[in-house]
Structures are given as structure tokens and as C-alpha cells.
Amino acid sequence: MRPKLMEILACPIDKYHPLELHVFEEKDEITEGLIICPKCQRWYPIREEIPEMLPDELRKENEDLPFLKKWKNQIPEKIVKEGKPFNLTH
Amino acid sequence: MKEEKVRKMVREGYGKIAKAEKCGCGCGCGSQVSKQIGYTSDELRSVPEGADLGLGCGNPTALASLREGETVIDLGSGAGLDCFLAAKKVGSAGRVIGVDMTPEMLDKARANCRKSGYKNVEFRLGEIENLPIADNTADVVISNCVINLSPEKQRVFNEAFRVLKPGGRMLISDMVLLKPIPETVKKSVLGYIACVSGAEMKTEYLKLIANAGFKEVHVVEETPLSAELVFSDATVEAMIKEMSLTKELAEELVTPVVSVKISATKPSE
């Protein structure tokens, strides 16, 4: 995705806007990154350029947790430990 | 069927369709069909190969009304056909955002986008009942034969209303019913994927749109489904087999289904 998209992106759950963007990998576009809703602490992965803004019930823990692990050093601690719908605190 | 179960089935069903380039919605299949439902050959030539899976009921009128610089949201963008056509109309000052809940469809759309180098189209994985879009940001919401698949249509229209700017417009095409269909079809999962089970009565459908707050709700066009197109569709064929229907009975089932194009406006005040 392109950063300009953040202008209209909102959290699908509480519709909060603006959201926080963290970029991990970039070519012409952001290929890997994270979008965070500061209001409800939900995080949404950007994988292969696509922001995945799905509600909790459509998300897959077995795909999302490895993503969180992979980038945990570049993700705010609050999200790593308390982020929704999944985090690395067990 | 439970709402979540329906959603899961639809998601998986269309995921398979994206992978196999199969057909979904009972409107028929492939670019031959896309021509019949109103896209011109020029339009179809102008989009990347593979963007047209022929799954829509056709939304060319909506596309025709788009203006330079507008922000357009496509609900259930699939492989991206309408997004790419819309992107041409709104130009570099405008932008088109496609939302689809099927990862396989988005993969296709993204690949198509890359092939053609469109700079003003973006896709995201999302649910049309929970749009990841801020309030009052879109000039136009379009959707092509998708809302019937949602078990929560009121929420979809509420969301469309929310993301539109005051004065913004919704231009959708979808399948609706003129008379109720039998329970057995309604309960069939394949029926859902083929856009028959989920179709709402037309009067009810229009009421849901008005409930969301839309004004000037008009049916711009109403077309009966061509039985020939419907029966050339692999999903429908499977459905008929699954329920061991006779051809006559199956025909009777499709007659109450019509494709409608609807326009509605979010009031400026």
C-alpha cells in the first residue's frame, strides 16, 4: 500500500481515524508493515502490500502470531504484549 | 444458517473460484458474459487480463457517472475489474479502494494491478460489514453483485452511508427477488455462493437502503436473469445436481430473481 492511503483508513471495529503506521519493508510501496488503532489497541498486518483490515472473527491466529514474532523488535511493546486480537503474552 | 457460517462459506467458496478461475454468482461466467451484461469490448480490453472473472451482474452505468478526482470505494472488489475501470475514470487526482474479504481474490487483484501499473487503485482485505474506511471520505460507493452475499445487509448499507461524504452517492448492482424462493434453496450453501439464497426481496432491499439514511433511492434498471446465462454457470449446475432438481423446477427458481441497478444519495445536510 501507499502511505497516502492512511488518510482514509479507519479501524474496522471502532472506526477510529487516524491510525498509526509502522513500515518494515518498502519497495515502490509498503510491502510489510503494521497498522495500529490507538484507541482499541488492535493491530493489522500489511503483508505483500495488502493491508489486512479484518474483524477479529475472520483472523487466523496461526498466521498472525508468526507475523508479530517476526517483527516484534520493531513493534511498540504495548502491542507485542497487549495488542488485540492476538499478542505474545501467554 | 448462522451469519458467521454463511460468511465463512462464501469466503471459502470465492477463494476457490479465484484460484480456479471458476464462476461464482449465478449471473454466468467469463468475459463473454461481461459483454452481455453491458461492458464494452473496449472497456474489457483496457483492464489487465484476469481482472474480469465474469462474476458480476454488471455495473457500467455506475462507472459512467464517475468524475475526475473522485474517491471511489468498491465493496467486494474481487479480481478488480470495476476498480480498474473506475480508476481510469477518476484519473490520477482520484483514487479507488477495493475491499474484499477473500485473500485469494485480493492476490489476483494485486497481481492485475501490478501488471498494469495503476497508481490510483489500492486493495485491502476487509469485510463490507466492517469497512476499514474513515467516516465521510468517499464520493462514491460502488458494488457489483456482492451485497446479496452478506447475511447482514443492513450493516453493509449503514457502513456505505457512514463512509460517504455528505452528498456522496451509492451506485450498486445486485440480485433481488420479486417473490420468495423455497426454503430448500435458501438453506443451500451453493445457493448462497450463486447469489440466489442470499438475495433479498426487492421491497425489503430498498427499505434497508432507506433505513441507512439514504435519500433519492432509485431503481435505475431492472433486468430478469437470462435462464441461459444462469444455467451455463458451473456453480448453478452443481447446485441443481446437489438438490437433484429437474430443469423445469430449477427454471422456476430463477424466475423470481432479477438484477437491479440502484442509485441512492447521502443527504448533504
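The values are calculated or read from the model by the stated rules, or taken from the named source; none is laboratory data. Note that this is a predicted model, so its numbers are computed, not measured. Here the Cβ positions follow ideal geometry from the backbone for every residue, glycine too, while neighbour counts run over all protein chains shown. Calculation scope for accessible area: heavy atoms of the full protein, side chains included, ligands and nucleic acids excluded. Shrake-Rupley method; radii C 1.70, N 1.55, O 1.52, S 1.80 Å.
Conditions (1) in a loop (DSSP other than H, G, I, E, B); (2) modelled with pLDDT of 75 or more; (3) within 14 Å of another protein chain (Cβ to nearest Cβ), marked per residue:
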residue	(1), (2), (3)
B:ARG7	no, yes, yes
B:GLU12	no, yes, yes
B:ILE17	no, no, no
B:CYS25	yes, no, no
B:GLY28	yes, no, no
B:SER31	no, no, no
B:SER34	no, no, no
B:TYR39	yes, no, no
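Give the residue that is nearest to B:LEU131 (Cα to Cα), with candidates limited to residues of the range A:22-33 that are of a type in the set (Asp, Glu) and either more than 10 Å from every other protein chain (Cβ to nearest Cβ) or part of a helix (DSSP H, G or I) (or both).
Per the stated criteria, the residue is A:GLU32.
From the residues in the range B:128-143 that are more than 7 Å from chain A (Cβ to nearest Cβ) and part of a strand (DSSP E or B), which one is most open to solvent (accessible area, probe 1.4 Å)?
B:ASP139
Among (1) hydroxyl-bearing (Ser, Thr, Tyr); (2) assigned to a strand (DSSP E or B); (3) closer than 18 Å to A:THR31 by Cα, there is one condition B:TYR118 misses while meeting the rest; what is its number?
(2)
Which members of the range A:4-21 meet the condition of being assigned to a strand (DSSP E or B) and touching a helix residue (DSSP H, G or I) at 6+ places or on another chain (Cβ under 8 Å)?
A:LEU21 - this is the single residue of the range A:4-21 that is assigned to a strand (DSSP E or B) and touching a helix residue (DSSP H, G or I) at 6+ places or on another chain (Cβ under 8 Å).
Output the residues belonging to the range B:110-125 that are modelled with pLDDT of 85 or more and at the interface with chain A (Cβ under 10 Å from one of its Cβ atoms).
If the condition is that a residue be modelled with pLDDT of 85 or more and at the interface with chain A (Cβ under 10 Å from one of its Cβ atoms), then B:LYS119, B:ASN120, B:GLU122, B:PHE123, B:ARG124, B:LEU125 are the ones that fit.
Identify, from the list B:ASP107, B:ASP100, the residue that is under 22 Å from A:ILE50 (Cβ atoms), of a type in the set (Asp, Glu) and open to solvent by 40 Å² or more (accessible area, probe 1.4 Å).
Unique residue meeting the criteria: B:ASP107.
Taking A:GLU77 and the conditions (1) more than 13 Å from chain B (Cβ to nearest Cβ); (2) within 11 Å of the chain's Cα centre (by Cα), which numbered condition does it fall short on, given that it satisfies the others?
So A:GLU77 meets the others, but not (2).
Rundown of residues vs (1) more than 11 Å from chain B (Cβ to nearest Cβ); (2) more than 21 Å from B:LEU106 (Cβ to Cβ); (3) of a type outside the set (Val, Ile, Thr); (4) loosely packed, with under 13 Cβ neighbours inside 10 Å, yes/no style:
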position	(1), (2), (3), (4)
A:ILE35	no, no, no, no
A:LYS39	yes, yes, yes, no
A:ILE46	no, no, no, no
A:GLU52	no, no, yes, no
A:GLU57	no, no, yes, yes
A:LYS60	no, no, yes, yes
A:ASP64	yes, no, yes, no
A:ASN73	yes, yes, yes, yes
A:LYS84	yes, yes, yes, no
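Return the pairs, sorted by first residue and then second, in which the second residue is of a type outside the set (S, T, N, Q) and assigned to a strand (DSSP E or B), the first residue lies in the range A:1-19 and is within 8 Å of another protein chain (Cβ to nearest Cβ) and farther than 17 Å from A:LEU34 by Cβ, the beta carbons are less than 6 Å apart, and the residues are 6+ apart or on different chains.
Hits for this filter: A:ILE8/B:ILE133.
How many of the residues making up the range B:71-97 are open to solvent by 20 Å² or more (accessible area, probe 1.4 Å) and of a type in the set (Asp, Glu)?
0
Out of B:LEU225, B:LEU249, report the one residue that is at pLDDT below 70 and of a type outside the set (Asp, Glu).
Within the list B:LEU225, B:LEU249, the selection yields B:LEU249.
Look at the range A:43-72 and say how many of its residues are under 13 Å from B:THR102 (Cα atoms), part of a strand (DSSP E or B) and of a type in the set (D, E, K, R).
1
Could you grab me the full set of residues in the range B:90-109 that are among the small types (Gly, Ala, Ser) and within 11 Å of chain A (Cβ to nearest Cβ)?
B:GLY98, B:ALA109
In the range A:31-49, how many residues are in contact (Cβ under 8 Å) with a residue 24 or more places away in the chain and over 20 Å from A:LYS69 (Cβ atoms)?
4
Can you name the residue in the range B:143-187 that is farther than 18 Å from B:ASN130 by Cβ and of a type in the set (D, E, K, R) and, of all such residues, is farthest from the chain's Cα centre (by Cα)?
Selected residue: B:GLU183.
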